[in-house]
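**Student:** Right, I'll just put the structure down here and ask away after.
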Amino acid sequence: MTRGKFITLEGMDGAGKSTHLEWLPAFIEARGVKVVQTREPGGTPVGEKLREMLLDKSQGLHADTEALLMFAARREHIAKVIEPALRRGTWVLCDRFTDATFAYQSAGSGLAWERIEALERWVHGELQPDLTLYFDVSSEVGKARTSAVREPDRFEREGRSFFDRVREGYLRRAREHPLRMCVINGAQRLEVVRQHVESIVLSHCF
Ligand code: TYD
């Protein structure tokens, strides 16, 4: 049995991930593979409970607690959903993964980069996405798009300088993992972004 491919989508709030997740699973399935779509934090019953705590507006969590809960949810997700699917040959399309912890908890909230690297090695040293689509937008574009459509969650309530740091964190990860992570200019017209995503997925995964 050929192992499935593991694809993650990343980007700051308002970058366009959710929009592209609406068509991408069908685009891949049309080429004859099974896809499961999932998300982080979340993806399992325990993970979804942790997500509620993590995104709760009323709670101020210590940055360490936040990172540890993200990785606790992730450990469960890998064991119960991601690894079993990949082993059966199913592809996994995941809305955010460890790059988000580097971007938000380290670059954004100030936790040492090496701390997250240590947790990454512990929790999924062997497993990395085959491809990460990183939708890159400036904090202005991200903010303008999210405030137009919904009530912000705890992270979305942060200010512009937080999101400038989040973006720098993502770009640093992209520099450190140039083969896995593709930077897509998310400020372009949807159709242009979509064509870029299609060509990357076709050339990296098929
Ligand atoms: P998001 O993926 O934007 O979901 P939705 O579109 O339903 O709002 O929300 C998840 C939030 O969690 C987002 O603001 C980023 C944050 N997050 C982290 O801070 N660290 C992480 O490791 C992950 C996976 C997410």
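The values are calculated or read from the model by the stated rules, or taken from the named source; none is laboratory data. Fair warning: this is a prediction, and the values are worked out from it, not measured in the lab. Please note: Cβ atoms are built from the backbone with ideal geometry, for glycine as well, and neighbour counts cover all protein chains shown. The area values use the complete protein model at the heavy-atom level, side chains included, leaving out ligands, DNA and RNA. Shrake-Rupley method; radii C 1.70, N 1.55, O 1.52, S 1.80 Å.
**Student:** Taking only C-alpha pairs under 8 Å that are 6+ residues apart, what is the relative contact order of the range 1-127 in percent? Numbers along the way, then the final one.
**Tutor:** Values: 162 pairs, mean separation 50.2, N = 127.
Reported relative contact order: 40 percent.
**Student:** Any chance you could list the semi-axes, whole Å, largest first, of the equivalent ellipsoid that the Cα gyration tensor gives for the range 158-204, using √(5λ)?
**Tutor:** Values: eigenvalues 107, 53, 6 Å².
So the equivalent ellipsoid measures 23, 16, 5 Å along its semi-axes.
**Student:** Report, in deg cm²/dmol and to the nearest 500, the calculated mean residue ellipticity at 222 nm for the chain, where each DSSP H run with n ≥ 4 adds -39500 (n - 2.57) and the sum is divided by the residue count. Before the final figure, lay out each step's value.
**Tutor:** Details: 10 runs with 102 residues, N = 206.
Roughly -14500 deg cm²/dmol at 222 nm, from the helical runs in the chain.
**Student:** Could I ask something else about it? Under 5 Å between amide hydrogens, which residues at least 5 positions from Trp91 or on another chain qualify, with H placed 1.01 Å from N in the peptide plane?
**Tutor:** Lys5, Lys34, Val35, Val36
**Student:** Would you kindly calculate the mean projected area, averaged across all directions, of the convex hull enclosing the Cα atoms of the range 74-179, in square nanometres?
**Tutor:** Hull-based average projected area comes out at 7.6 nm².
**Student:** Can you check how the C-alpha radius of gyration of the range 49-112 compares to 2.2 N^0.38 Å, as a plain ratio?
**Tutor:** 1.25
**Student:** For the range 9-53, just say rounded, prolate or oblate: build the C-alpha gyration tensor, square-root its eigenvalues into a ≥ b ≥ c, call rounded for a/c under 1.5, and beyond that prolate if a/b exceeds b/c, oblate if not. Spell out each step's value before the answer.
**Tutor:** Numbers: a/c = 3.94, a/b = 1.46, b/c = 2.70.
It is oblate, given that a/c is not under 1.5 and a/b is not larger than b/c.
**Student:** Let me ask something else. Cβ neighbours within 10 Å, averaged per peptide: list 33-44, 140-151, 106-117 in order, most packed at the top. Can you show the working numbers first?
**Tutor:** Working: 33-44: 19.6, 140-151: 14.2, 106-117: 17.1.
Top of the packing list down: 33-44, 106-117, 140-151.
**Student:** Another question, then. Points 7 angstrom from Cα along the Cβ direction at Ser18 and Leu68: gap in nanometres?
**Tutor:** Each label point is offset 7 Å from its Cα along the Cβ direction, giving 3.1 nm.
**Student:** Report the Stokes-Einstein translational diffusion coefficient (µm² s⁻¹, integer) for the chain, Rh taken as the Kirkwood radius over Cα pairs, at 20 °C with viscosity 1.002 mPa s. Don't jump to the answer; show the numbers that get you there.
**Tutor:** Working: Rh = 17.3 Å.
For these conditions, the coefficient is 124 µm²/s.
**Student:** Tell me whether the range 1-99 comes out rounded, prolate or oblate; compute the Cα gyration tensor, take square roots of the eigenvalues as a ≥ b ≥ c, and use a/c under 1.5 as the rounded threshold.
**Tutor:** Values: a/c = 2.74, a/b = 1.59, b/c = 1.72.
Oblate shape, in that a/c is at least 1.5 and b/c is the bigger or equal ratio.
**Student:** Applying the Karplus parametrisation 6.51 cos²θ - 1.76 cosθ + 1.60 with θ = phi - 60° to the phi angles of the range 106-123, what ³J(HN,Hα) value in whole Hz is obtained for each residue in order, glycine and proline being reported as x?
**Tutor:** Values, residue by residue: 8, 4, x, 9, x, 6, 4, 3, 5, 4, 5, 4, 5, 5, 4, 4, 5, 7 Hz.
**Student:** Grab the other residues whose beta carbon is less than 15 angstrom from that of Val46, score K and R as +1, D and E as -1, and report the net.
**Tutor:** Details: positive: Arg39, Lys49, Arg51, Arg74, Arg75, Lys80; negative: Glu40, Glu48, Glu52, Glu76.
With Lys, Arg at +1 and Asp, Glu at -1, the net is +2.
**Student:** Whole-Hz ³J(HN,Hα) for each residue in the range 188-194, computed from phi via Karplus 6.51 cos²θ - 1.76 cosθ + 1.60 with θ = phi - 60°, x for glycine and proline: what do you get?
**Tutor:** The phi angles translate into 6, 4, 3, 5, 5, 5, 4 Hz.
**Student:** Collect residues whose amide H, placed 1.01 Å from N in the peptide plane, falls under 5 Å from the amide H of Gly43; neighbours closer than 5 in sequence don't count.
**Tutor:** Glu48
**Student:** Next question. What number comes out for accessible area per residue over the chain if the probe is 1.4 Å? Units Å², please. Could the numbers behind the result be given before it?
**Tutor:** Numbers: 9910 Å² over 206 residues.
Roughly 48 Å² per residue, with all protein chains present.
**Student:** Cut-off under 20 Å on the C-alpha distance; same-chain residues fewer than 8 positions from Lys17 excluded. Which lysines are left, in chain and number order?
**Tutor:** Lys5, Lys143
**Student:** List every residue whose amide H lies under 5 Å from the amide H of Gly16, counting only residues 5 or more places away in sequence or on a different chain, with H placed 1.01 Å from N in the peptide plane.
**Tutor:** The answer is none.
**Student:** Another question, if that's okay. Apply the Karplus curve 6.51 cos²θ - 1.76 cosθ + 1.60, θ = phi - 60°, to the phi angles in the range 61-73 and return the couplings in whole Hz, x for Gly and Pro.
**Tutor:** Using θ = phi - 60°, the values come out as 9, 4, 4, 5, 4, 4, 5, 5, 5, 4, 6, 5, 4 Hz.
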